[in-house]
Amino acid sequence: MAPMLLAAARNNSSWCEAMCRAHGFSGELSDVAWVNLKKSLTYYPNLVILSPSMSGSEVLDVLREASLEPLFVKDSFANADLLPGNYRILIEAQWIHRPAAVAASAPVASRDGADQRWRRVTGADELRAWERAWAGGDTSVNTFPETLLLDDDVIFLGGFSDDSLVAGAVLHLSHGVAGVTNVFGPPGESVRTWAGLISCAHEEAPGVDLVGYERDVELAAAEANGFSPLGPVRIWQQMAGSQ
C-alpha cells in the first residue's frame, strides 16, 4: 500500500475528528479505523476504514450496535463489501496527491475577466461569510463552528472577487500532508478555483504535499492543476430500516 494513500486516508480521518471536536464530542481511533457512533454530522462518515485488511464483515460488526441511522462508511480502499448489511454505494471517487515540489499553476483567467484573490480566512465574520458561500447562500447552516479557527491544523482559504467571497477550501494538516476539502467556487470555474487554492495553500503550508479526494468535474480540475490519482475511495450509506 502506497504510503501517500495511507497518509491521505489518515489525514481525512483526522479532519473528521477535528469536526467532531468542534461540535463537542470525539470519535475513537484504532489501527484499522476511525469510528464515531456518538452523533452524526451531515456530510461526515461514522466510520473511516484506515487499513485495507479490514473486511466488510468487520465493519458491520463495529456498526451493529449503533443507535444512529442512517450510518455512513468511508472505505478508503474501496474493497470492503457492505451489501450484506443493507448498505448502498453513495459516492465513488479518487484519492489525489500533489507534491509540494510541483510549482503552482499560472493564474487562469475567468470568463468575465474579474480578478480573484486568495488568502486565509480569519475571524468569525469571515468564517460565516465563507460558510454561506460554501452553502450556496443558505444563511441557516452552522456546519463549521468558530472554534475551528483556533485549531492550528485547520486553515480556511477564501477566493475573493472585489469584496465578495466567491470561492474557498479547507486545509487540514496532519500525518505530514495537507488535506484539501470542501472546495467550492463559481460554476464553470473549477480549474481556476483549484489554481487559486493551490497557490494559497503553498503560502499557508509551504513545503507540504497536498492530498484529498474528488470526482467528476472537480477531479478533472484538480488533475489539470498537477494532482495525480492515488486510488479509489468509496462512501457507503446505510439503507432505511437496516437496524
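The values are calculated or read from the model by the stated rules, or taken from the named source; none is laboratory data. These numbers were taken from a predicted model, which means no experiment stands behind them. Because the Cβ atoms are built from the backbone with ideal geometry, glycine has one as well, and the counts that use them run over all protein chains shown. Side chains are part of the model used for accessible areas, which takes the heavy atoms of the whole protein and leaves out ligands, DNA and RNA. Shrake-Rupley method; radii C 1.70, N 1.55, O 1.52, S 1.80 Å.
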**Asked** For Val208, are the conditions met, namely being in contact (Cβ under 8 Å) with a residue 60 or more places away in the chain, among the aliphatic types (A, V, I, L, M), more than 19 Å from Pro45 (Cβ to Cβ) and surrounded by fewer than 23 Cβ atoms within 10 Å (Cβ to Cβ)?
**Response** yes
**Prompt:** In this structure, does Ser174 turn out to be open to solvent by less than 30 Å² (accessible area, probe 1.4 Å) and either free of Cβ contacts under 8 Å to residues at least 24 places away in the same chain or hydroxyl-bearing (Ser, Thr, Tyr) (or both)?
**Reply:** yes
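Go through the residues of region 192-213 one by one and say whether even a single one is within 24 Å of Arg21 (Cα to Cα), over 12 Å from the mean Cα position of the chain (by Cα) and of a type in the set (A, V, I, L, M, F, W, C).
So far as region 192-213 goes, yes, one or more of its residues are within 24 Å of Arg21 (Cα to Cα), over 12 Å from the mean Cα position of the chain (by Cα) and of a type in the set (A, V, I, L, M, F, W, C).
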**Message:** Of all residues being in a loop (DSSP other than H, G, I, E, B), without any contact (Cβ under 8 Å) to a residue 40 or more places away in the chain and under 17 Å from Ala66 (Cβ atoms) in region 42-53, which is least open to solvent (accessible area, probe 1.4 Å)? Just the residue, please.
**Reply:** Asn46
**Asked** Looking at region 202-225, which of its residues are among the small types (Gly, Ala, Ser) and in contact with a Phe, Trp or Tyr (Cβ under 9 Å, 6 or more places away or on another chain)?
**Response** Gly212, Ala221, Ala222, Ala224
**Request:** Please determine, by comparing only the residues of region 67-78 that are open to solvent by 10 Å² or more (accessible area, probe 1.4 Å) and not in a strand (DSSP E or B), which one is farthest from Trp236 (Cα to Cα).
**Result:** Ser67
**Request:** Tell me, please, whether a residue that is modelled with pLDDT under 95 and either surrounded by 14 or more Cβ atoms within 10 Å (Cβ to Cβ) or touching a strand residue (DSSP E or B) at 6+ places or on another chain (Cβ under 6 Å) (or both) can be found in region 119-138.
**Result:** no
**Every residue from region 54-66 that is touching a helix residue (DSSP H, G or I) at 6+ places or on another chain (Cβ under 9 Å) and open to solvent by 60 Å² or more (accessible area, probe 1.4 Å)** = Ser57, Arg64
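I'd like to verify a number: residues in region 19-41 that are surrounded by 20 or more Cβ atoms within 10 Å (Cβ to Cβ) and closer than 28 Å to Arg98 by Cα, how many?
Residues of region 19-41 that are surrounded by 20 or more Cβ atoms within 10 Å (Cβ to Cβ), as a first pass: 19, 27, 33-36.
In the following step, the residues that additionally are closer than 28 Å to Arg98 by Cα were identified as 19, 33-35.
Qualifying residue count, region 19-41: 4.
Here's the yes/no breakdown for (1) surrounded by fewer than 18 Cβ atoms within 10 Å (Cβ to Cβ); (2) in contact (Cβ under 8 Å) with a residue 40 or more places away in the chain:
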| site | (1), (2) |
| --- | --- |
| Asp162 | yes, yes |
| Gly179 | no, yes |
| Val183 | no, no |
| Glu189 | no, yes |
| Arg192 | no, yes |
| Ala195 | no, yes |
| Gly212 | no, yes |
| Leu219 | no, yes |
| Asn225 | no, yes |
**Asked** If you go through region 79-105, how many residues are at pLDDT 95 or above and surrounded by fewer than 18 Cβ atoms within 10 Å (Cβ to Cβ)?
**Response** 11
